[in-house]
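These notes are about the structure you will find just below.
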Amino acid sequence: MLYSMTGYGRAESILKDKTFLVEVKSLNGKQFDVRLNAPSLLKPYEVGIRNKLNEELYRGSVECSISIKSNGASKPVSVNKELAKSYYQPIMELAQELGMGTENILSTLLKMPDVVSSTNEVLTEEEWQFLFALLKQAIDHLIKHRGEEGKSIEKDLLEKIIAIEKQQAVVEIHEPNRREKIKEGMVKLLEQHVGADKYDHNRLEQELIYYIEKIDISEESVRLKNHCDYFKDMLKESEPCKGKKLSFILQEIGREINTTGSKANDVDIQKAVIMMKDELEKAKEQILNVL
């Protein structure tokens, strides 16, 4: 089974006076890259959150957003009165020098740095375990989404490999004729430029054997078939993260197709090679989405 690198998961629940929301989404990426958006009170747990994401999601560009909202009463804050008093006098003097009113001086003081700050709130162990369970739930939803997309990708990739195999069968059909065409072409050239009775027929047969061995594509056909079989077997394996392996197999398939094309020297085989290359490029584009 294949998994896509693209997915989305969400989990939300309430514990006592707090609402916890976790959202996780992932896009294509060569490696694992995570961007975490979380409130400051989760800093002590950031490493654990990142490790969990890495452990479950393997690859891709991952964005995880976590929010914690207090229900009912507003979040408690503290006011640094001494600091506010120290700001008061110079602000009053500046306002008088500029001839400006002082009606809104309190709101100005409250906006000054460090005058108003949130209380040092921390998560209890119960809240952390509750949040971690929600994180796992959101990740599970994302993985399910990845699996659903993976099914369509797997179907498409399998169709591409089968199409390559069909074109390879076409190549094998034309292979015997190709050898005859090569022989006929060489004999025709010799007769035109040397004369039908002026060349050594035994030597020609030896040269033909040597030349045909050089352009023989039977080994390429066997390797191509083996690579296609291996690709299909890999699709069936339960390993969740196999996009890179499948990409490497496609590279090997491409190598055999290119070698076949360079040796072909036959119009019908070249047409089949072009068709195989077209299917291969489509498969390579799809494999970029595979986990």
Residues of the stretch 111-125 satisfying the condition of being at pLDDT 65 or above, more than 16 Å from Ala38 (Cα to Cα) and part of a loop (DSSP other than H, G, I, E, B): Lys111, Met112, Pro113, Asp114, Val115, Thr124
Using the structure shown, decide if Lys166 is more than 30 Å from Glu56 (Cα to Cα), modelled with pLDDT of 90 or more and of a type outside the set (A, V, I, L, M, F, W, C). yes
Taking the condition surrounded by 12 or more Cβ atoms within 10 Å (Cβ to Cβ), modelled with pLDDT of 90 or more and basic (Lys, Arg), does Arg146 pass? yes
Matching entry among Val47, Val22 (being closer than 29 Å to Asn289 by Cβ and hydrophobic (A, V, I, L, M, F, W, C)): Val22
Is it the case, given these coordinates, that Glu159 is at pLDDT below 85, in a helix (DSSP H, G or I) and out of contact with any Leu (no Cβ under 9 Å at 6 or more places or on another chain)? no
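Each row is one residue, and each column tells you yes or no for (1) surrounded by fewer than 17 Cβ atoms within 10 Å (Cβ to Cβ); (2) within 20 Å of Asn289 (Cβ to Cβ).
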| site | (1), (2) |
| --- | --- |
| Met5 | no, yes |
| Ser40 | yes, no |
| Lys43 | yes, no |
| Ile66 | no, no |
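The values are calculated or read from the model by the stated rules, or taken from the named source; none is laboratory data. Being a predicted model, the structure only gives us computed values, none of them experimental. Glycine gets a Cβ as well: all are built from the backbone with ideal geometry, and neighbour counts include every protein chain shown.
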